[in-house]
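Colleague: My questions all concern the structure below.
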Amino acid sequence: MYGRRHRSRWLIAVPVVVIVLLVGVWLGGHPSWMPEPVRSTFVAQTGDDKLINQVLGLLQNDYYRKVSRTQLVNSGLAAAVASLNDPYSHYYDPADYQTFQNQDTNPHLSGIGIDIDPVARGLRVQDVFAGSPAAKAGLTTGDVIVAVGNTSLANRSVNFSASLIKGKAGTKVTLTVQHGRQLRRVTVVRANLVVPVAASRMLHFHGVPLGYVRLTSFAVGSGQEVRQQVEKVLHAGARGIILDLRDNGGGLVAEAVNIASIFISNGTILSTDGRAQPRQVYLAKGNAIAPTIPTVVLVNQNTASAAEIVTGALKDRGRAKVVGTHTYGKGVFQEIQPLANGGALDFTVGEYFTPNGQNLGGGGVRRGPGITPNVYASTPPNARTDTALTVAEKTVAAELR
């Protein structure tokens with residue numbers, strides 16, 4: 001009786017075991033179908049995984065002082081990315097990534113509403129935004145902020161100088177401002193400002209009305225902001241456009257396409273190619289301004305990435321002349337991939353090419369020659385007037401004669 005019952009159980013168990021084995025084999029080839037706890041238990045670790053876990057375990061358990069496994073992982077990932085010797089690739093731990101997502105991508109001094117350039121004496125005011133605290137205090141384009149409080153800004157980094165001016169809304173900051181040869185002290189009340197990444201104004205060169213549009217970064221919505229500013233100056237009677245991309249470090253490729261499409265009605269804006277990505281051609285989106293409106297792109301050595309994409313497209317397609325110096329020379333683009341720990345990997349995934357097939361870099365992530373301007377012009381650091389802008393005005397005005 002016992003033997004017959006035992007044999008019956010065995011006969012039932014055989015197909016069950018076979019089914020379990022088959023399911024196990026199948027799941028082994030499809031680990032993504034398993035729940036995370038099961039997957040981490042049953043999916044075999046590689047030799048590298050075991051080595052990494054062994055080292056982390058030894059440091060966490062046996063190191064002479066207590067260490068955080070999370071900090072070890074974050075430091076290790078950062079070091080791994082740094083070993084690529086790629087200045088454009090970064091690992092963000094969860095805290096840094098949160099800061100990155102929340103930070104204001106607009107480089108203006110949003111505390112008082114000015115756009116600045118570093119000079120030896122301090123910070124030169126490139127633009128003052130209407131209605132801002134700086135405008136109310138009487139700051140004007142060309143002023144140089146030489147001190148904040150009792151701290152001189154001479155030969156200081158732009159980040160240090162800017163940090164002294166920024167502050168909590170409602171607080172006061174005292175600036176020493178040089179206008180020509182005159183020095184004056186002004187007190188400005190800081191405010192919370194939404195400073196646009198694009199701004200415009202009308203210029204006149206020997207009686208010719210021109211539209212000046214400055215763009216500081218290629219953030220979300222930049223294309224629409226630039227289009228609004230271009231339409232604004234055209235409506236005001238501008239007969240030509242100066243697009244100022246000096247000191248613009250770039251940003252989103254999609255916004256570069258949007259901005260180039262303001263001036264180019266159809267055809268190629270750029271193409272990209274990557275090891276894990278198929279070659280892609282980006283085309284103009286239509287609804288461009290009239291091709292008879294002459295355009296100049298104003299650049300310098302800090303014009304990079306997406307700003308170079310726009311410059312290269314307008315130059316290659318014969319839509320604009322380029323005035324300034326050689327641009328930065330970046331020929332690669334990055335993407336950001338969020339990670340399971342709440343951090344992110346910002347890393348180089350491919351190269352981009354202008355409509356003529358030119359890559360602006362020096363091969364891979366190396367800095368290259370950039371874009372050669374049609375007309376060379378630069379503004380010396382201590383110049384009282386923006387000489388490069390004057391050359392741009394002359395260049396675009398000449399197209400109207």
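Colleague: Could you pull out every residue, at least 5 positions away or on a different chain, whose amide H is within less than 5 Å of the one on Ser152? Hs are placed 1.01 Å off N in the peptide plane, and Pro or chain starts have none.
Modeller: none
Colleague: Where Rh denotes the Kirkwood radius from the mean inverse Cα pair distance, what is Rg over Rh for the chain?
Modeller: 1.15
Colleague: Where does each of 305-315, 207-217, 273-283 land if you order them by average Cβ count within 10 Å, highest first?
Modeller: Numbers: 305-315: 27.7, 207-217: 21.4, 273-283: 11.8.
Peptide ranking by packing, descending: 305-315, 207-217, 273-283.
Colleague: When DSSP beta bridges are limited to those with both residues in the chain, what percentage is antiparallel, rounded to the nearest 5? It would help to have the intermediate numbers written out before the result.
Modeller: Working: 48 of 63 bridges.
Antiparallel: roughly 75 percent of the beta bridges in the chain.
Colleague: State in Å² the accessible area per residue of the chain; use a 1.4 Å probe, count heavy atoms of protein chains only, and round to the nearest integer. Before the final figure, lay out the partial values.
Modeller: Numbers: 21820 Å² over 401 residues.
I get 54 Å² per residue for the chain.
Colleague: When the convex hull of the Cα atoms of segment 162-307 is projected onto a plane and the area is averaged over all directions, what value comes out in nm²?
Modeller: 12.7 nm²
Colleague: Still on this structure, please answer the following. Roughly how many percent of the accessible protein surface of segment 236-386 is carbon and sulfur, given a 1.4 Å probe and a whole-percent answer?
Modeller: Carbon with sulfur: 51 percent of the solvent-accessible area.
Colleague: Continuing with the same structure: Provide the net charge surrounding Ala135, with neighbours chosen by a C-beta distance below 15 Å and charges set as Lys +1, Arg +1, Asp -1, Glu -1.
Modeller: Summing Lys/Arg as +1 and Asp/Glu as -1 gives 0.
Colleague: What's the carbon and sulfur percent of segment 162-208's accessible surface, probe 1.4 angstrom, rounded to a whole number? Working shown, then result.
Modeller: Values: 1540 of 2910 Å².
Answer for segment 162-208: carbon and sulfur cover 53 percent of the accessible area.
Colleague: Out of residues 5 or more away from Gly251 or on other chains, whose amide H comes under 5 Å of its own, with H placed 1.01 Å from N in the peptide plane?
Modeller: Phe218, Ala306, Ala307
Colleague: How charged is the neighbourhood of Leu77? Take every other residue with its Cβ under 13 Å from the Cβ of Leu77, and add Lys/Arg as +1 and Asp/Glu as -1.
Modeller: -2
Colleague: Anyone know which of Leu298, Leu153, Leu183 comes out most mobile in the 10 Å Cα GNM of the chain?
Modeller: Leu183
Colleague: Continuing with the same structure: Which pairs in the list Lys232/Lys285; Lys285/Lys330; Lys321/Lys394; Lys330/Lys394; Lys136/Lys172; Lys315/Lys394 are over 22 Å apart, alpha-carbon to alpha-carbon? Write down the numbers at each step before the final one.
Modeller: Numbers: Lys232/Lys285 20 Å; Lys285/Lys330 24 Å; Lys321/Lys394 12 Å; Lys330/Lys394 29 Å; Lys136/Lys172 13 Å; Lys315/Lys394 18 Å.
Check vs 22 Å cut-off fails for Lys285/Lys330; Lys330/Lys394.
Colleague: Moving on. Determine by what factor the alpha-carbon radius of gyration of segment 247-401 differs from 2.2 N^0.38 Å, reporting the quotient.
Modeller: Numbers: Rg = 16.6 Å, N = 155, 2.2 N^0.38 = 15.0 Å.
The value comes to 1.11.
Colleague: Treating segment 66-192 as a set of equal point scatterers at the Cα positions, no solvent, please give the Debye-formula log₁₀ I(q)/I(0) at q = 0.11, 0.14, 0.17, 0.20 Å⁻¹.
Modeller: Result of the Debye calculation: -0.52, -0.70, -0.85, -1.03.
The values are calculated or read from the model by the stated rules, or taken from the named source; none is laboratory data. Note that the structure is predicted; figures quoted are calculated from it, not measured. In this analysis, Cβ positions are derived from the backbone assuming ideal geometry, glycine residues included, and neighbour counts consider all displayed protein chains. Each accessible area value is taken on the protein alone, full model and side chains, heavy atoms only, with ligands, DNA and RNA left out. Shrake-Rupley method; radii C 1.70, N 1.55, O 1.52, S 1.80 Å.
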